[in-house]
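Trainee: Could you have a look at this structure, given as structure tokens, before my questions?
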Amino acid sequence: MDTMFGFSSEDMKKRNMEYTVKEISSQKEVWKRLYNKIKLRKNEIQIFLDRFDRDTRIVFTGAGSSGFIGDSLAPIIRKELNFTDVESVHTTDIVGTPEQYLRCDKRTVLVSFGRSGNSPESIAAVDIANSLVDDIYHIIISCNPNGGLSKIINDRTLNLVFEELSNDSFAMTSSVTGMMLAAYSVFTIEKDLTNEIECISFYAKDIIENKYKVIAEGFDTNVNRLVVLGAGNLFGAARESALKSIELTAGKVMTWYDTPIGFRHGPKAMLSENTLILFYVSNNDYTRKYDIDMLKELSSSSRHKLIAVSDKYYENVKECCDLYLYNSTDIELGEAFTPYTAILTAQILALFASVKLDCTPDNPFPNGEVNRVVQGVIIHKL
């Protein structure tokens, strides 16, 4: 990789951004390799899932970006697979107030996400669930074979470790989309997702190699606020996108995430001439009607800049925004696949914001105010 996103290897090293650039740009290949790895374990995964009926409670959990993976997955798994009880509950909530989130009397599958697998809350959430829930199973998806989560192996646990998802940069990028794809692939193991993954990989390649300049130009150094909006499973993508910006710019760009409908109810007051809006457009025909209403409302003001992202072209979206990124392929994607290139776009935007604001993407907090793996957490005895 001599040049990526217009940066030479020497420049990336000088700016302390090698790992971040590598991880963002690798996603177009990583998704396909990861899915092939999951298919090799199809029989094992199917046998594990056959233990559960539709009344089994599914809880996705993680902290920070790992928690936002669950926020993106829970609505779509609930809709597509008809489980009656599917939630995303972050490990920080489970650890802090476990009895408000865990049900002792209901069979539960706790799906834990962890890049390092060493976050104190991640390990504690598993231990607490084991002690409070009478009939508990685990699906663990992590990126570090040496992490604490990856070492949990028993007959009630499906443990999937993906070393191809890099574990080096400060901010999670490929590990977010990779672990999200892995979990969706597990729960839909009976389906062949090859065409869908080829499609999102092709579009990601186009963004990474051809459209990154347009995304980079979307950020001006006078921007100090970013709003990311998305509905349904795109709300989880919006949360993750907002976090990437505030992390990689070391807080120089403050962020807000919301649903398009929810943004009207107070948060819209934050808009100013220094605000950039990143709007994820749903491919659900009904939900998109509300998206278009909000896009029209936002486009009527000149107090901010508006970037829209969708997985196909919509003329009435183009009319409302300053910059429009969409999938130029003819493949129809289901709602489950809309977050991937949306999150990729936000990652590239955050990367260039970081560089333009003279931050160091691989380590935005050189003095250690914020750490890659959270530190200082005391887990109190239950």
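The values are calculated or read from the model by the stated rules, or taken from the named source; none is laboratory data. None of the values given here were measured: they were computed from a predicted structure. Heads up, the Cβs are rebuilt from the backbone with ideal geometry, glycines too, and the neighbour counts pull from every protein chain shown.
Trainee: Does residue 144 meet the test of being assigned to a loop (DSSP other than H, G, I, E, B) and either surrounded by 21 or more Cβ atoms within 10 Å (Cβ to Cβ) or of a type in the set (S, T, N, Q) (or both)?
Mentor: In short, yes.
Trainee: Check residue 372 against each of (1) assigned to a loop (DSSP other than H, G, I, E, B); (2) at negative phi; (3) at pLDDT 85 or above and name the one condition it does not meet.
Mentor: Every condition holds for residue 372 apart from (3).
Trainee: Can you confirm whether residue 191 is out of contact with any helix residue (DSSP H, G or I) (no Cβ under 7 Å at 6 or more places or on another chain), assigned to a helix (DSSP H, G or I), charged (D, E, K, R) and surrounded by fewer than 19 Cβ atoms within 10 Å (Cβ to Cβ)? I'd like the intermediate steps shown before the answer.
Mentor: Working: out of contact with any helix residue (DSSP H, G or I) (no Cβ under 7 Å at 6 or more places or on another chain): yes; assigned to a helix (DSSP H, G or I): no; charged (D, E, K, R): yes; surrounded by fewer than 19 Cβ atoms within 10 Å (Cβ to Cβ): yes.
So residue 191 does not fit the description; no.
Trainee: Oh, and also: Given the conditions (1) within 30 Å of residue 26 (Cα to Cα); (2) in contact with a helix residue (DSSP H, G or I) (Cβ under 7 Å, 6 or more places away or on another chain); (3) of a type in the set (A, V, I, L, M); (4) at pLDDT 95 or above, which single one is not true for residue 94?
Mentor: (1)
Trainee: May I pose another question? Suppose we filter 110, 132 for residues that are buried (at least 17 other Cβ atoms within 10 Å of the Cβ) and over 12 Å from residue 60 (Cα atoms); which single one remains?
Mentor: 132
Trainee: Residue 299: modelled with pLDDT of 95 or more, among the small types (Gly, Ala, Ser) and on the phi < 0 side of the Ramachandran plot, yes or no?
Mentor: Criteria not met by residue 299.
Trainee: Let me ask something else about it. Can you tell me which residues in segment 32-48 are within 27 Å of residue 201 (Cβ to Cβ) and surrounded by fewer than 17 Cβ atoms within 10 Å (Cβ to Cβ)?
Mentor: Of everything in segment 32-48, those that are within 27 Å of residue 201 (Cβ to Cβ) and surrounded by fewer than 17 Cβ atoms within 10 Å (Cβ to Cβ) turn out to be 32, 33, 36, 37, 39, 40, 41, 42, 43, 44, 46.
Trainee: From 23, 29, which residue is touching a helix residue (DSSP H, G or I) at 6+ places or on another chain (Cβ under 6 Å), surrounded by 13 or more Cβ atoms within 10 Å (Cβ to Cβ) and acidic (Asp, Glu)?
Mentor: 23
Trainee: Can you tell me which residues in segment 216-242 are surrounded by fewer than 24 Cβ atoms within 10 Å (Cβ to Cβ) and either under 19 Å from residue 27 (Cα atoms) or not assigned by TED's automatic domain parsing to the domain that holds residue 267 (or both)?
Mentor: 216
Trainee: Would you be able to tell me the number of residues in segment 260-312 that are farther than 25 Å from residue 246 by Cα, touching a Ser or Thr at 6+ places or on another chain (Cβ under 8 Å) and basic (Lys, Arg)?
Mentor: The total comes to 1.
Trainee: Right, next: Of all residues in segment 42-84, how many are out of contact with any helix residue (DSSP H, G or I) (no Cβ under 9 Å at 6 or more places or on another chain) and in contact (Cβ under 8 Å) with a residue 24 or more places away in the chain?
Mentor: Filtering segment 42-84 for residues out of contact with any helix residue (DSSP H, G or I) (no Cβ under 9 Å at 6 or more places or on another chain) gives 42-44, 46-47, 50-53, 55-57, 78, 82.
Subset that is in contact (Cβ under 8 Å) with a residue 24 or more places away in the chain: 42, 44, 46, 51-52, 55-57, 82.
Adding up the residues that qualify gives 9.
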